[in-house]
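So the structure is just underneath, and the comments pick up after that.
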Amino acid sequence: MLRRDLESGGETKNNRALNNNNYNNYSAARNSYVYDPETRWISWLVPFFVLVNVVAFVVAMYINNCPTENQGNCVAKFLRRFSFQPLSENPLFGPSSLTLTKMGALKWDSVVNDHQGWRLISCIWLHAGLIHLAANMFSLVFIGIRLEQQFGFVRIGIIYLLSGFGGSVLSSLFIRNNISVGASGALFGLLGAMLSELITNWSIYSNKVAALLTLVVIIVINLAIGILPHVDNFAHIGGFLTGILLGFILLLRPQYGWLEQQHLPAGTRRKSKFKAYQYILLIVSLVLLIAGLVIASVMLFRGENGYDHCHWCHYLSCIPTSQWKCNDS
């Protein structure tokens, strides 16, 4: 009776009190078999991440001190110490690569030979320039706040950080001669988590096909942009794969009718919290995530080159054309 009332929006006299306690917190789409929680968390972690990224960029510009290092040949000189490197060196309006390296940019030689594994995490808080920072922070606010409001700061924080780490590991396996910075791997992790959340909670969405197609198009476009030169698409791919596995693990929603079973008479057959396919996806994703991160990390710190195991993988990061050339590894 409660299921019919929730789906139709009506109430009966016998269920009015029960509906008053539950309807404000849970609703379901028509013909749905799971609950769709309407409770909203207050988003504070994503704004905090944005603040940390902005502060890190300001500190990088302060340390960079372009007027001193370039004898005044800087962009936006009125900013004085915070002025940008010459556009011929950094077209994104930011600091020098030397400054980014000092602050923790991802660099294969430093990670493997100098045992500076912390760069796998520190690099996701740094950005190559003001344009790079603005694009990533806009995406983080657009994607991250919605997810945090729905699932809370703990799960979204785990997805963000582990996806950033996964993106850094895959990037280091293939890119040796260039540094890499940016939150793109973590952002692609959130996109991957959105995709797996849609799949594992398929029955709660009324416009599920349209939502799936929209999300897939967004992901494909962003990955396609990654094949341009000077874009670290390996970080994007590594973050996306990590995020999609974490989504299957952390972003499950319970079965419709599971939470109100406390009101059922004793001895009534009770429903499982999740569907069988949700449990299967969770277990498989957990195994793949642990195995993938462990194997990739071991390969990285042993100094192995990813191209030795995947000769065609350079096409995932850059496709050479008549307009540009690619600098592999």
Among the residues of segment 120-137, is any within 13 Å of ILE179 (Cβ to Cβ) and hydroxyl-bearing (Ser, Thr, Tyr)?
yes
Assuming GLY247 fulfils every condition listed in (1) at pLDDT 95 or above; (2) surrounded by fewer than 21 Cβ atoms within 10 Å (Cβ to Cβ) apart from one, which condition is it?
(2)
Is it fair to say GLY182 is more than 20 Å from VAL294 (Cα to Cα), of a type outside the set (S, T, N, Q), in the same structural domain as TRP44 (by TED's automatic domain parsing) and not in a helix (DSSP H, G or I)?
yes
Note: among ILE131, ILE121, just one is of a type in the set (A, V, I, L, M), surrounded by fewer than 24 Cβ atoms within 10 Å (Cβ to Cβ) and touching a helix residue (DSSP H, G or I) at 6+ places or on another chain (Cβ under 9 Å), namely ILE121
What are the residues in segment 146-172 that are crowded, with 24+ Cβ neighbours inside 10 Å and charged (D, E, K, R), if any?
GLU148
Quick check on my filter: what residues within segment 145-179 are under 14 Å from the mean Cα position of the chain (by Cα) and under 13 Å from LEU106 (Cα atoms)?
GLY164, PHE165, GLY166, GLY167, SER168
Search result, residues across segment 215-253 that are assigned to a helix (DSSP H, G or I), over 27 Å from LEU316 (Cα atoms) and free of Cβ contacts under 8 Å to residues at least 60 places away in the same chain:
none
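Restricting segment 76-105 to residues that are of a type outside the set (Gly, Ala, Ser) and farther than 28 Å from SER171 by Cβ, which is surrounded by the most Cβ atoms within 10 Å (Cβ to Cβ)?
PHE82
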Here is a check on your reading of the model: is THR200 free of Cβ contacts under 8 Å to residues at least 12 places away in the same chain and either of a type in the set (Lys, Arg) or more than 28 Å from HIS311 (Cα to Cα) (or both)?
no
Which of (1) in contact with a Leu (Cβ under 7 Å, 6 or more places away or on another chain); (2) hydrophobic (A, V, I, L, M, F, W, C); (3) on the phi > 0 side of the Ramachandran plot does ALA76 not meet, given it meets every other one?
(1)
Select, from SER168, SER180, SER163, the only residue that is modelled with pLDDT of 95 or more and touching a strand residue (DSSP E or B) at 6+ places or on another chain (Cβ under 9 Å).
SER168
Say we look at segment 93-147 and pick out the residues that are basic (Lys, Arg) and in contact (Cβ under 8 Å) with a residue 24 or more places away in the chain; which of these is farthest from VAL52 (Cα to Cα)?
LYS107
Is it true that LEU212 is in contact (Cβ under 8 Å) with a residue 40 or more places away in the chain, in a helix (DSSP H, G or I) and of a type in the set (A, V, I, L, M)?
no
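The values are calculated or read from the model by the stated rules, or taken from the named source; none is laboratory data. All values derive from a computational prediction rather than experimental measurement. Methodologically, a virtual Cβ is constructed for each residue, glycine included, from the backbone with ideal geometry; neighbour enumeration extends over all protein chains shown.
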